[in-house]
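J.: First the structure, which I've put down as C-alpha cells, then a few questions once you've had a look.
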Amino acid sequence: MRAAAFACVAALSALGCASAPHPSPPAQPPPPAPTASAELPLEAPPPAAASEPQPFPAIDELALDNGLSVNIVRRDHYPVVEVRLILRGGSASDGARPGRAQLAAEFLEAGGAGQLDPYQLATRIESLGSSLHIEALPDSTQVSLAVTSANLAAALDVLGDVVLRPRFDAGELDKLRQRKIEDARTALASDPSYEANMVLSRQLYQGHPYGHFDALPSELEALTLKDCQSWYRSQVTPKNAVLVLAGNVEPKSAMSRVKRLFAGWRGARPSPPPVATTSLSSRRTVWLVDRPGLAQSEIRVAGLTTKRQSPDWPAIAADNQLLGGETAGRLFLEVRERLSLAYHTGSVLMERRQGRVPLVLSAATRVDKTADALRALLQQASALSSTPPAASEVATAKRYLSDSFAFQTETVNGIAGLVARLRALDLPDGYYDDYQKQLQTMGAAELFATTLRTVDLWSPVMVVVGDASRIEQSLRAFGTVAVLDPREELVKARELPQL
C-alpha cells in the first residue's frame, strides 16, 4: 500500500515537471451554509405513523371425512412451503402427569417412525433440506417442517409416518427421558429465569396443568412408555388436528396427497382439559428461590388481564407494549435508564386458551438493588391502572404492534404460526383484520378505560431468584417471604413474616 502511494506521488510529480506551472486562482470565500427552508427535501422527516392495515391472507379451509381440518394459505412468490400439524392438546393435557405431553411429542421423532429408526428418520428429513420441529405448548402440540415446493409430497410422507406410525421404542424413550432429566436438573441449578418462570406458573395456576412451566426431574423420572402411548391415543386424532400448508401450494394436488396419507386416520376428539381458574391472593407473598452466591437477582411481578378471546385484547397488547417496549417502554425508561436499577427489563402476556391471561413484568438486577428494583416494578404495575397514558406513548405502542404484525406475514413460517395461533386459542378467521382495525382507532382515553376495567395488578404474584442470605430481610417489606430450595425441586425451606 505504501509503495503504491509513493508511486502515485512520483507520477504526479513527473506530470507536474512536464508541464508549465499555472498561477493559482484567487481564493474564493466558502459558500454560505444552507438556511432552513421548507424546500430542502431532507430537512424535516415526516411524522412517524402506523402502516395501513394489510388484510390477512385468505385461508382455504377444507376437511377430510375423518374430521381432519386442512388450512391452505397460498403465497406463490417463492417456492417454499411450511407444513405444520397442530394438535389441540399441549401441556394442558398432561393431567396428573407433568411433562407427559412434551415427552410424548418429542418421542414421535426421537423414537423413529414407520420403517425408519431415529437415525434414518433424521437422515431422511435432512435429505429434503429441512429439519423437523416438535413442541408441546400449553394449548397445542405442533409438528412442523419447511421444504421447497418440489419436496412437499415427500415432506407429507414423512409427516404421515411421524404422526400415524411412531415406533415407541422403549430403549429410545429411556435415552430421551434421561436427556430431559439432565436438562431439567441443569436449568434448576443454573438458570434464574427458568426458576422464576417455574415458580410463577405454579403460583398463578395452582393445581392446573398450566402451572407446569416444565416438568421437574422427579416428575420426568416417573413417566413411562404407557404414559406416552396413552397421550398419543387420546390427543393424536384427526378430530383434534389441523394441518396447515402455507406457501407455494397447488391445493388440488396437495389435497390429493393429504387424502391418500391421512384418510385412514381414526380417533375421536379428546375430552377437554380441566377448566383453568386464576386468582390473586390478598395475602402478599414474595416467593424467593434461594441461590447462594448469585451476583444478581431475577424478578417477576404478575397480575391478570382479560381472556384471550376478548374483544379488549388489542388494548391489552398495547398495555404490554407500553410497559415492556424494548427501548420506549416505561420499564426500560424508568427502571433501567432513569433509576439504573436493572440490567434488563420487559413484560410479556402469557397467552392461554382458558382463563384470564397473566401480564408479567420482569427485571434482572444487582443483588444489592433487589428490593429497590422490585419496588420500582410494583410502582409501574400500579401506575398502569392509576395514571392515564400519554397520547405519544400510546401512538408508539400502536405503531410498533401494527408494523411488527405486518412483518410476521412476510414469511410462510410467520403465516403458518399465525394460523396455528388462531386454531390453538379458539380465535375466528377474521381476527387479525379486526385486531389491526382496533389498533388503528384506539385512543389514549379508550385504552385507559379498558385497562381500568380488565387489568388487575394491585395484588400481584411476586417471584425473586437470588441469594436469600443477602436479600430476604429487605423483601419482608413487601409481604411474607417464602424461601424455596432449587436443590430440592423448589420445595419451601422456610417462611418469614412480613415486617
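J.: Could you tell me whether residue 351 is within 18 Å of the chain's Cα centre (by Cα) and at pLDDT below 95? Steps first, answer last, please.
T.: On the way: within 18 Å of the chain's Cα centre (by Cα): yes; at pLDDT below 95: no.
No, not satisfied.
J.: Looking at the range 245-261 only, could you name the residues that are open to solvent by less than 20 Å² (accessible area, probe 1.4 Å) and free of Cβ contacts under 8 Å to residues at least 12 places away in the same chain?
T.: none
J.: Among the residues of the range 271-301, count how many are modelled with pLDDT under 95 and crowded, with 17+ Cβ neighbours inside 10 Å.
T.: As a first pass, look at the range 271-301 and keep what is modelled with pLDDT under 95: 271-284.
Now narrow it down to the ones that are crowded, with 17+ Cβ neighbours inside 10 Å: 273, 276, 278, 280.
Looking only at that region, the number is 4.
J.: Right, something else. May I ask you to list the residues in the range 189-219 that are polar (S, T, N, Q), in a helix (DSSP H, G or I) and open to solvent by 50 Å² or more (accessible area, probe 1.4 Å)? Lay out the reasoning, then the answer.
T.: In the first step, residues of the range 189-219 are kept if they are polar (S, T, N, Q); the result is 190, 193, 197, 201, 203, 206, 218.
From what is left, the residues that are in a helix (DSSP H, G or I) are 190, 193, 197, 201, 203, 218.
Scanning the range 189-219 gives 190, 218.
J.: Name the pairs: first residue in the range 220-244 and touching a residue at least 12 places away in the same chain (Cβ under 8 Å) and assigned to a loop (DSSP other than H, G, I, E, B), second residue open to solvent by less than 50 Å² (accessible area, probe 1.4 Å) and among the charged types (D, E, K, R), Cβ to Cβ under 7 Å, at least 6 apart or on different chains?
T.: 223/100; 223/177
J.: May I pose another question? Show the residue pairs that are 6+ apart or on different chains and have beta-carbon atoms under 6 Å apart, the first residue being within the range 186-205 and farther than 12 Å from residue 302 by Cβ, the second being open to solvent by less than 10 Å² (accessible area, probe 1.4 Å).
T.: 192/465; 195/289; 195/465
J.: In the range 359-392, which residues are small (Gly, Ala, Ser) and more than 23 Å from the chain's Cα centre (by Cα)? Give the steps one after another, and end with the answer.
T.: Going residue by residue through the range 359-392, those that are small (Gly, Ala, Ser) are 362-364, 371, 373, 376, 381-383, 385-386, 390-392.
Residues satisfying the conditions are 371, 373, 376, 382, 383, 385, 386, 390, 391, 392.
J.: Could you list all residues from the range 342-363 that are surrounded by fewer than 22 Cβ atoms within 10 Å (Cβ to Cβ), touching a residue at least 24 places away in the same chain (Cβ under 8 Å) and under 22 Å from residue 295 (Cα atoms)?
T.: Result: 343, single match.
J.: Considering each residue of the range 97-107, count those that are farther than 14 Å from residue 170 by Cβ and either free of Cβ contacts under 8 Å to residues at least 12 places away in the same chain or buried (at least 23 other Cβ atoms within 10 Å of the Cβ) (or both), and give that number.
T.: Just the residues of the range 97-107 that are farther than 14 Å from residue 170 by Cβ, to begin with: 97-102, 105-106.
Filter once more, so that each one left must be either free of Cβ contacts under 8 Å to residues at least 12 places away in the same chain or buried (at least 23 other Cβ atoms within 10 Å of the Cβ) (or both): 99-102, 105.
The total comes to 5.
J.: Then there is this: Go through the range 371-394 and give me each residue that's in contact with a helix residue (DSSP H, G or I) (Cβ under 9 Å, 6 or more places away or on another chain), assigned to a helix (DSSP H, G or I), touching a residue at least 60 places away in the same chain (Cβ under 8 Å) and not acidic (Asp, Glu).
T.: 371, 373, 374, 377, 381, 384, 394
J.: So, one more: Against the definition (assigned to a helix (DSSP H, G or I) and open to solvent by 20 Å² or more (accessible area, probe 1.4 Å)), how does residue 146 come out, yes or no?
T.: On the way: assigned to a helix (DSSP H, G or I): no; open to solvent by 20 Å² or more (accessible area, probe 1.4 Å): yes.
So residue 146 fails the test.
J.: Given the options 474, 469, 459, name the one that is polar (S, T, N, Q) and under 30 Å from residue 182 (Cβ atoms). Break it down into steps so the answer makes sense when it comes.
T.: Details: 474 fails: under 30 Å from residue 182 (Cβ atoms); 459 fails: under 30 Å from residue 182 (Cβ atoms).
Exactly one of 474, 469, 459 is polar (S, T, N, Q) and under 30 Å from residue 182 (Cβ atoms), namely 469.
J.: Further question: Show the residue pairs that are 6+ apart or on different chains and have beta-carbon atoms under 9 Å apart, the first residue being within the range 265-288 and more than 15 Å from residue 482 (Cα to Cα), the second being of a type in the set (Phe, Trp, Tyr).
T.: From the range 265-288, the pairs are 273/210; 276/205; 276/210; 277/205; 278/205; 278/210; 280/458.
The values are calculated or read from the model by the stated rules, or taken from the named source; none is laboratory data. Only a predicted model underlies this, so the values are computations on that prediction, with no experimental measurement involved. Note that we place each Cβ from the backbone using ideal geometry, even for glycine, and neighbour counts take in every protein chain shown. Only protein heavy atoms, including side chains, enter the accessible area calculation; ligands, DNA and RNA are left aside. Shrake-Rupley method; radii C 1.70, N 1.55, O 1.52, S 1.80 Å.
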